[in-house]
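Shown next, in C-alpha cells, is the structure this report addresses.
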Amino acid sequence: MAEYNPKEIEAKWQQYWQDNALFRTPAKPDPKKKKYVLVEFPYPSGDGLHVGHAKIYTATDVAARYHRMRGYDVLHPMGWDAFGLPAENSAIKFGVHPAELTERNTTKFKEQMLSLGLSYDWEREINTTDPDYYKWTQWIFLQLFKRGLAYEDTIPINWCPSCKTGLANEEVIDGHCARCGHVVEQKPMRQWMLKITAYADQLLAGLDDLDWPTFIKDIQRNWIGRSEGINITYDIVDSTDTVTCFTTRPDTNFGATFVVVAPEHNLATQVAADNKEVAAYIDQASRKTERQRQEEDRIKTGVFTGRYAINQLTGKKMPIWVSDFVIGHFGTGAVVGVPGHDLRDFEFAQTFDLPIIRVVVGPDGDTTSVTRPEQVQEKTGAMMNSDFLDGLPIDEATTRMMDHMETEGYGERVTTYSLRDWVFSRQRYWGEPIPLIHCQECGIVPVPEAELPVTLPEVTSYEPTGTGESPLAGISDWVNVSCPTCDGAAKRETNTMPQWAGSSWYWIRFTDHDNTKALADPKKIKQWLPVDIYVGGAEHAVLHLLYGRFWNMVLHDIGAVNTAEPFTKRHIVGLVLGEDGQKMSKSRGNVVNPDDEIAKYGADTVRIFASFMGPFEGSAAWTTAGITGSERFMKRLWRLFMEMPQDEAALTADLNLAVQQTIKRVTESMEHFRFNTAVSSLMELLNTFEKDKAVAPSALQTFALLLSPLAPHLAEEAWQSLGNDTSVTLQPWPEADAEVLAGAQVTIPVQINGKVRGTLTTDSGQDEAAVVEEAKGLENVTRHLEGKEIVKTIYVPDKLLNLVVK
RNA sequence: GCCGAGGUGGUGAAACGGUAAACACGCUACGUUCAGAACGUAGUGCUCUUACGGGCUUGCGGGUUCAACUCCCGCCCUCGGCACCA
C-alpha cells in the first residue's frame, strides 16, 4: 500500500466534491432541521489567508459538516467584504483600480479556501462591492433615511488625518484610529449620521436571550451604557434662565454646593459673550484633543461664570462654573456638584475652595466634615444633613428624592446612554455611494429606488482630498444631476458609506444571493434566518455585531426580515500566535502562511492541528512541533485504515465499548464546539486499536464517520477503501449504542476517608452491599481498615465508594 | 476606578462536586539503523522508600461537604473592555 500522500488524495476529493456539488444548499430546507452556520466573511487583503483564518474557517466547517451528517439542512456560505481602505490605498500606490485588486485577491482567497477542503456552497458567493449587492445596501440606507434614522448633522467628529476620513466612535481605540493607529482629531464636519441611539433599549434588551459569550454581551451593554437618573432644573439668580443637570444621585442634593457646565454648553457660550475670562477658557478647551485632556492627569481646571443657581432644597446659591471635566454630549452637559460624595466634585471643590457638605454617614459612623479624598463616600451608607431623607439608605433616599423633585415640578426622571449615533459618512472613494441628491429647491432628495444602484464612477485618482470632501466631489459628470423631484439642477451626495455598511446585512443576502427584486425573497429569509451559529472574532463586539443587530432590527421593523435578532449563537475564536508566542505580524517575521503548511503537511493535518491546538476560544501558538504531532496522527490513521489487517472478529466487547464511548464523546465535543477534545478522543481510540494485530472493518467504518468533519479527505479515502461507493460526507452521523454503554463493566475507585486506596472492576448496577464486600477484599483496603471502624459508607453507583472510618 | 474572563506539569491542555494531570508536544532510556531521519517499547507533577507502599500538589488564605480544579467568602496576579459618563 502506498504511503500517506495528502497532496494526491486531497486534490482528488476536492475535485469530487465540486463535481458532484455535494455542498449545495438544500432549496427547501426542513424548518425543524435547518442550520445556518456562518463564519464572518473576510476582507480579501493582498496578503492572502492567515493561519488564524485557517483555524476559524476549519472550526466552522467542522460544525457545518457535522450538522449535515446529523441530518440538518445546512446553509454554509462564503463571500467577500471587499470595500475598504487597504484596497483603495493599494490602488493609489500601484495605479490599479480597486475593483481589479479585489478580483485578484478574492481569486487567491477562494483557491486557498478550496485547498483547505472547506465545504462552502460557492453558488451563493457574494461580494459587497458588486453593484447588484450594494444596490441593496443603498436601498437599506434609503429606508433608514425615510424613517428619519439617517440624518445630516454638522458636529465635531473623530477625524483621522492619516486616512483622511471621519470615523465612527467605535473605530477609535484609546484616541487612535483603529485602522492605522494615527492619533484621532476632533473636526466639525457635515456628516451623515445613523440614529442607532433610537434602538439603544432594544439593543440592550435583546442581549438577554442571546446565546453569546457573556463577555461579549457585557462589552455591548457597557458600550450602550444605559443609566437611569433625573434632570434637575435650577433657577438662575436674577435671570429668567435655568440650568438643567443630569444626575443619578439626587439623594445627595442637600449636599450640592455648585454647578458645572461643559465648555460647549449654551450657558457657557452665552456668558462668554461678555466675559473675556470665560471666553478664553472655552477657546482653550476647544483646542485640546481628548488625548491632551487625559494627559493632563485629570487636574481640574475651570472658570466661574459670575452666575448662581438656586438649590430649591436649601435655598442656597450655587455658583455656576465652566469646566472641561464635564462632557458636553453626556446627559445635559451640566452637572450639579456634590463634593462630599463624588471624587471629581471633591477635587473641583478643593481646587477652587468651594464648600463641602457631608450628607452620607461614612464607615464606622463617621459624620465629620469631608476634608480628604478617602472620606468621599460614594456608594453606601445612611443619609444625614438631608431633612426628610435623614437615616435612609442611599437607594431608598434616591427614589424618595426623585419622587419629591418630580412632585415639586423641577425634576424629570430620564434615561441616558453613552452610546452615540453612528457617524456614517466617509470621505473616501472605495465605498458605497450614499444615494441622496442635494437640490437647492427641494433640499435633500432620495434617489428613486428604481434608479438604484448609484454606481461608483470611474476616476483617474482615488486620492483623498484631505479637506473633508470626498474624491467623488471632483467628478462633475457624476456629481451634477437633475433633481428627481423638480428636475432642477442638483448635486449628488459625494460621501461614501463606511466599511461596516456591506457587512451589516450580508447574512440576509446569502439566503437568496441573486435576487434582483428585493434584499432576498421573504420566504427564503424565513426559511433560513436567524443565523444559528455565527463564528468570528472578539474585535467586533461593538462594531460589526452592534451595527448588524441595529440594521437587522430596523429591517425587522419595516417587515423585511422575520426576526429582530440576527445571530442566535455566537462563538468567539482565540488568537493564533506565532511560534514565539507573540502576535503574528510582518514586522516580527513570525507570520505563518497556511499555503506553506498545506503544501508541507496537507490540509487534513492543518485542519487537525487547528482543531487540536487548544480550546477554540483560547489563544495558542502555531508551532512546528505541534503541527508535526498532528501529522504523525494522520500518518498513523493512514496505516490503521490502509495497512492494518482487517478482521471482524477483532471487535471484542471491550473494543466495541471503546468505539461506543468514542461516539458519545466526539458527539458531545462537536455539540459544544470543543474540537480539541474531539480529536483527543479519536487519538485514544486509535491508541486502543493499535494495540491489536487486527482491526474490525465495522469499527473502521465508524471511525471514518467520526473523523470525516475534521479530516474529510482522509476520511473519504478510508471510506472508499472500506468498500463504500458514496461520499462519507453524505452518511448519517453514528449514534452510540446505549445498551453497550450501560452494560459495560465499571472501574470504581475505593476511598477510605476520601483517599483512594484501591480500585475494583465490576459489573455496573451492583448494589452497595456487594460492592462494599468486594472492596473489603482488596489487599490495600484491608490493610487500611485494620483496627478501624466503618462509621459511614458513601456509594455513588458505578462511580465511587468512600468508606469513612475512625 | 468600574464591568467581564481567567490562573492546573517543562509546554498546549483534560476533568457531570466523585481516581487531578486524559490526549498531545517535549524530554530520558532502550530497540531498529553503517549513521541519521522516521518508527517502535518503557518512563516522565513534586517527594520519602531497595521494594510493597506512603506524604504533598490545581495562584494565596479561609469555609461548606464523606469528598472541592469545580460551590461560597476574602485577597493576589494576568488578560479583555470602558473610563473625568455625573
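Under 8 Å between Cβ atoms, which residue pairs at least 6 apart in sequence (or on different chains) link something in the stretch A:242-253 that is within 11 Å of A:E412 (Cα to Cα) and more than 9 Å from RNA strand B (Cβ to nearest atom) with a partner that is outside any helix (DSSP H, G or I) and polar (S, T, N, Q)?
A:T244/A:N231; A:T244/A:T233; A:T244/A:T332
Just checking, how many residues over the stretch A:557-575 are more than 16 Å from RNA strand B (Cβ to nearest atom) and part of a loop (DSSP other than H, G, I, E, B)?
Of the residues in that region, 9 qualify.
Residues of the stretch A:360-386 being closer than 17 Å to A:P250 by Cβ, touching a residue at least 24 places away in the same chain (Cβ under 8 Å) and under 43 Å from the mean Cα position of the chain (by Cα), which ones?
A:V360, A:Q377, A:E378, A:M383
Can you tell me which residue in the stretch A:743-776 is farthest from RNA strand B (Cβ to nearest atom), limited to those that are touching a residue at least 40 places away in the same chain (Cβ under 8 Å) and in contact with a Leu (Cβ under 6 Å, 6 or more places away or on another chain)?
A:A744
In this structure, does A:S619 turn out to be closer than 20 Å to A:T60 by Cβ, in contact with a Gly (Cβ under 7 Å, 6 or more places away or on another chain) and among the polar types (S, T, N, Q)?
yes
Which residue out of A:E412, A:E406 is modelled with pLDDT of 95 or more, surrounded by 13 or more Cβ atoms within 10 Å (Cβ to Cβ) and within 30 Å of A:Q220 (Cβ to Cβ)?
Every option except A:E412 fails the conditions.
Which condition number does A:V740 fail, the rest of (1) at pLDDT 95 or above; (2) more than 16 Å from RNA strand B (Cβ to nearest atom) being met?
(1)
Can you tell me which residue in the stretch A:172-216 is farthest from A:G468 (Cα to Cα), limited to those that are basic (K, R) and at pLDDT below 95?
The extreme case among them is A:R179.
Which residue is nearest to A:E597 (Cα to Cα), if the candidates are limited to the stretch A:619-629 and must be touching a residue at least 40 places away in the same chain (Cβ under 8 Å) and surrounded by 18 or more Cβ atoms within 10 Å (Cβ to Cβ)?
Step by step, filter the stretch A:619-629, then rank; the result is A:W622.
For residues in the stretch A:538-556 being without any contact (Cβ under 8 Å) to a residue 60 or more places away in the chain and over 11 Å from A:W500 (Cβ atoms), which is farthest from RNA strand B (Cβ to nearest atom)?
Residue satisfying both the conditions and the ranking: A:H556.
Please go through (1) buried (at least 20 other Cβ atoms within 10 Å of the Cβ); (2) at pLDDT 90 or above; (3) more than 30 Å from A:V542 (Cβ to Cβ) for A:Q377 and return the number of the only condition it doesn't satisfy.
(2)
Pairs under 6 Å by beta carbon, first residue touching a residue at least 40 places away in the same chain (Cβ under 8 Å) in the stretch A:511-531, partner of a type in the set (K, R), six or more apart or different chains?
Listed pairs, sorted by first residue: A:T511/A:K524; A:H513/A:R124.
Which of the residues belonging to the stretch A:4-41 are in a loop (DSSP other than H, G, I, E, B) and among the polar types (S, T, N, Q)?
A:N5, A:N20, A:T25
Yes/no per residue for (1) among the basic types (K, R); (2) within 43 Å of the chain's Cα centre (by Cα); (3) over 26 Å from A:R420 (Cα atoms):
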{"residue": "A:V243", "(1), (2), (3)": "no, yes, no"}
{"residue": "A:T252", "(1), (2), (3)": "no, yes, yes"}
{"residue": "A:V261", "(1), (2), (3)": "no, yes, no"}
{"residue": "A:E264", "(1), (2), (3)": "no, yes, no"}
{"residue": "A:A279", "(1), (2), (3)": "no, no, yes"}
{"residue": "A:D342", "(1), (2), (3)": "no, yes, no"}
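With the stretch A:84-189 as the region, which helices (runs of 4 or more DSSP H) entirely inside it contain at least 3 residues that are closer than 30 Å to A:A450 by Cα and free of Cβ contacts under 8 Å to residues at least 40 places away in the same chain?
So the answer is A:98-115.
With respect to A:F616, determine if the residue is within 32 Å of the chain's Cα centre (by Cα), within 15 Å of RNA strand B (Cβ to nearest atom), within 27 Å of A:H67 (Cβ to Cβ) and buried (at least 20 other Cβ atoms within 10 Å of the Cβ).
Taking the combined requirement at face value, the residue satisfies it.
In this structure, is A:G466 closer than 29 Å to A:L543 by Cα and buried (at least 19 other Cβ atoms within 10 Å of the Cβ)?
no
With A:V740, A:V771, A:V728 as the choices, which residue is among the β-branched types (V, I, T) and out of contact with any Phe, Trp or Tyr (no Cβ under 7 Å at 6 or more places or on another chain)?
After applying the criteria, what remains is A:V740.
Does A:V592 fit the bill of being away from RNA strand B (no atom under 16 Å from the Cβ), assigned to a loop (DSSP other than H, G, I, E, B) and in contact (Cβ under 8 Å) with a residue 24 or more places away in the chain?
So A:V592 does not fit the description; no.
If you go through the stretch A:340-359, how many residues are away from RNA strand B (no atom under 16 Å from the Cβ) and either in contact with a strand residue (DSSP E or B) (Cβ under 9 Å, 6 or more places away or on another chain) or in contact (Cβ under 8 Å) with a residue 60 or more places away in the chain (or both)?
Summing the residues that are away from RNA strand B (no atom under 16 Å from the Cβ) and either in contact with a strand residue (DSSP E or B) (Cβ under 9 Å, 6 or more places away or on another chain) or in contact (Cβ under 8 Å) with a residue 60 or more places away in the chain (or both) in the stretch A:340-359 gives 2.
State yes or no: is A:F330 within 30 Å of A:I155 (Cα to Cα), in contact (Cβ under 8 Å) with a residue 24 or more places away in the chain and within 16 Å of RNA strand B (Cβ to nearest atom)?
It is true that A:F330 is within 30 Å of A:I155 (Cα to Cα), in contact (Cβ under 8 Å) with a residue 24 or more places away in the chain and within 16 Å of RNA strand B (Cβ to nearest atom).
Give A:Y429, A:Y417 a once-over and let me know the one that is surrounded by 16 or more Cβ atoms within 10 Å (Cβ to Cβ), of a type outside the set (G, A, S) and more than 13 Å from RNA strand B (Cβ to nearest atom).
A:Y429
I need the full set of residues from the stretch A:530-554 which are modelled with pLDDT under 95 and in a helix (DSSP H, G or I), in order please.
Hits for the stretch A:530-554 are A:A538, A:E539, A:H540.
Would you be able to tell me the number of residues in the stretch A:450-474 that are in a helix (DSSP H, G or I) and touching a Pro at 6+ places or on another chain (Cβ under 9 Å)?
Here the count works out to 3.
Please go through (1) more than 45 Å from the chain's Cα centre (by Cα); (2) surrounded by 14 or more Cβ atoms within 10 Å (Cβ to Cβ); (3) over 23 Å from A:L655 (Cα atoms) for A:A696 and return the number of the only condition it doesn't satisfy.
Of everything listed in (1) more than 45 Å from the chain's Cα centre (by Cα); (2) surrounded by 14 or more Cβ atoms within 10 Å (Cβ to Cβ); (3) over 23 Å from A:L655 (Cα atoms), A:A696 misses just condition (3).
The values are calculated or read from the model by the stated rules, or taken from the named source; none is laboratory data. Remember, it's a predicted structure, so these values are computed and weren't measured experimentally. For neighbour counting, all protein chains shown are included, and Cβ atoms are generated from backbone atoms with ideal geometry for every residue, glycine included.
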